[in-house]
Amino acid sequence: MFLWLMCFLFPGLLLAQEEVAKPRPHLVKRLLNLIDTMAIRGIDSNYIEIPDQPWAFVLRSNLSQAFVDLHSETRDASPIKMRLRSTTSLTTSVGAWIGYRGYGLGYSIDLSGDRGSNFTTGFSNILDFLLTNLNIGAMGGRYGVNLRIRSYEVKHSLQTAWEENSKNPVIRDYSMEIAEPMKVRSVFADAYYMFNGKHFSYAAAYDQSAIQVRSAGSLVAGLMYHYSRVEYDSGENIDLLDIMHGVGQMKMWQASVGAGYAYNWVPKKRWLVSVMLLPMLTFYNRGKVFYYERDHPEDPTNQEVHYVDSELTKNKVVLNFDTRLSVTYNRARYYLNAYGTYNSFRYNNNEGGSVRIGDWYAYFSWGLRF
């Protein structure tokens with residue numbers, strides 16, 4: 001059905017492009033003229049070119065993976081530290097996108113791996129909207145805002161335990177299966193401003209609605225927000241609850257501000273390599289932990305648990321990094337692009353434990369301008 005839909009839409013848009021000279025409805029004409037004006041406003045044509053073909057059809061593939069690290073330690077005189085690393089399966093998806101100077105509509109389908117829901121949206125003059133597998137996107141200008149919501153479950157974990165003051169610190173290192181899958185829901189949002197929009201094009205690297213023809217860089221200012229909820233409070237996970245001293249659910253909030261640098265390198269004609277590094281200082285770092293205990297602690301075979309109490313925790317100011325990398329090849333009306341990013345966030349609680357949540361994703365695309 002997906003392929004039939006693309007086969008139906010693509011020829012229709014080609015016909016629409018051939019009839020561009022015909023009078024358009026007044027509102028549509030004004031909107032497209034505004035987009036055209038925004039695309040060229042304030043740029044130096046010696047550094048940035050705007051393609052003559054405003055429409056684009058793109059085939060996309062996506063790879064992504066997420067992880068959760070739980071850290072704890074025993075309360076003995078010689079404490080034993082433990083880490084459980086839970087990682088999702090590698091998720092792959094394919095899809096298509098059609099748009100006008102970066103503003104458009106796309107759809108993707110998951111092929112393998114974690115099939116949790118993904119919701120993303122953004123502004124760059126940006127609107128990028130993804131609900132489960134539906135996305136609407138656009139990019140351009142000096143600024144951008146991105147929002148990504150991800151929900152998933154993990155069932156497998158690698159457990160490592162060690163004693164720091166021992167000659168043989170590693171006590172055990174083995175894989176385990178979580179009885180009731182750990183549920184994770186995360187919200188990532190970031191906003192940024194490019195100071196050198198005259199010579200540097202973020203759109204050239206990430207949606208190819210512009211072409212960087214000479215190398216240029218820009219200072220970047222950014223804001224970031226992160227929220228995550230981790231749940232494993234089922235009685236079937238009683239062993240995990242014991243390891244984490246009764247903590248069965250955690251909520252975490254983090255807000256950061258920073259400044260960094262982005263650079264578009266044009267090593268030779270048609271090629272573009274773009275790198276952005278944005279150190280982010282966390283000025284708001286809070287968490288909330290929820291405690292559970294056994295219904296019948298005198299009966300070790302009984303796995304029923306109940307909620308007891310919750311506690312707000314404050315964390316130290318930390319330094320996070322927003323990193324992005326993109327490689328693009330342009331040839332006439334065609335282009336190839338690959339880009340990716342990595343995120344990692346860490347929180348501590350008052351029970352000598354901590355959690356680190358992160359993910360990475362990479363996109364690969366082939367585009368046709370028309």
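The apolar share of the surface of segment 239-296, taken as the fraction of accessible area on carbon and sulfur atoms (1.4 Å probe, ligands and nucleic acids excluded), comes to 60 percent.
Per-residue extension of 0.36 nm, minus the Cα-Cα distance of Phe370 and Arg331, leaves a gain of 12.7 nm for this segment.
Between their Cα atoms, which of Lys81/Lys155; Lys155/Lys314; Lys29/Lys269 are more than 27 Å away from each other?
Long pairs (Cα-Cα over 27 Å): Lys155/Lys314; Lys29/Lys269.
Count Lys and Arg as plus one, Asp and Glu as minus one, and take only other residues whose Cβ is under 12 Å from that of Gly222; the net charge is then -1.
For segment 235-282, the convex hull spanned by the alpha carbon atoms encloses 168 Å³ per residue. Put simply, the convex hull of the Cα atoms in segment 278-335 casts, on average, a shadow of 9.5 nm². Convex hull of alpha carbon positions in segment 251-370: directionally averaged projected area 12.3 nm².
Of the chymotrypsin sites (Phe, Trp or Tyr not before Pro) found in segment 190-234, those that fall in a DSSP loop while having at most 15 other beta-carbon atoms within 10 Å are Phe195. Counting every alpha-carbon pair across segment 176-223, the share separated by more than 18 Å comes to 52%. Considered as an equivalent ellipsoid built on the Cα gyration tensor, segment 186-296 has semi-axes of 45, 15, 10 Å, the largest given first. For segment 235-328, GluC sites (Glu not before Pro) meeting the loop criterion (DSSP other than H, G, I, E, B) and having at most 14 other Cβ atoms within 10 Å: Glu298, Glu304. Qualifying trypsin sites (Lys or Arg not before Pro) in segment 233-280, where qualification requires a DSSP coil assignment and no more than 12 other C-beta atoms within 10 Å, comprise Lys268, Lys269. Solvent-accessible surface of segment 36-111, averaged per residue with a 1.4 angstrom probe and all protein chains in place: 45 square angstrom.
Couplings 3J(HN,Hα) of segment 241-252, computed from phi: 4, 5, 4, 8, 6, x, 6, x, 8, 9, 10, 9 Hz, in residue order, whole Hz [Karplus 6.51 cos²θ - 1.76 cosθ + 1.60, θ = phi - 60°; x for Gly and Pro].
Annotation: per residue accessible area for segment 237-361 equals 51 Å², rounded to a whole number [probe 1.4 Å, protein chains only].
Partner lysines whose Cα lies under 20 Å from the Cα of Lys316, excluding those fewer than 8 positions away in the same chain, are identified as Lys251, Lys288. For Tyr342, the amide hydrogen comes within under 5 Å of the amide hydrogens of Thr323, counting only partners 5 or more places away or on other chains and with H modelled in the peptide plane. With all protein chains in place and ligands, DNA and RNA left out, the 1.4 Å accessible area ranks Ile40, Ile211, Ile357 as Ile40, Ile211, Ile357, largest first. Net charge dipole, segment 256-324: roughly 1240 debye, given to the nearest 20, about the Cα centre with Cβ charges of +1 for Lys and Arg and -1 for Asp and Glu.
The values are calculated or read from the model by the stated rules, or taken from the named source; none is laboratory data. Only a predicted model underlies this, so the values are computations on that prediction, with no experimental measurement involved. Here Cβ is always computed from backbone atoms with ideal geometry, including for glycine, and neighbour counts include all displayed protein chains. Just the protein is used for accessible areas: all its heavy atoms, side chains included, with ligands, DNA and RNA removed. Shrake-Rupley method; radii C 1.70, N 1.55, O 1.52, S 1.80 Å.
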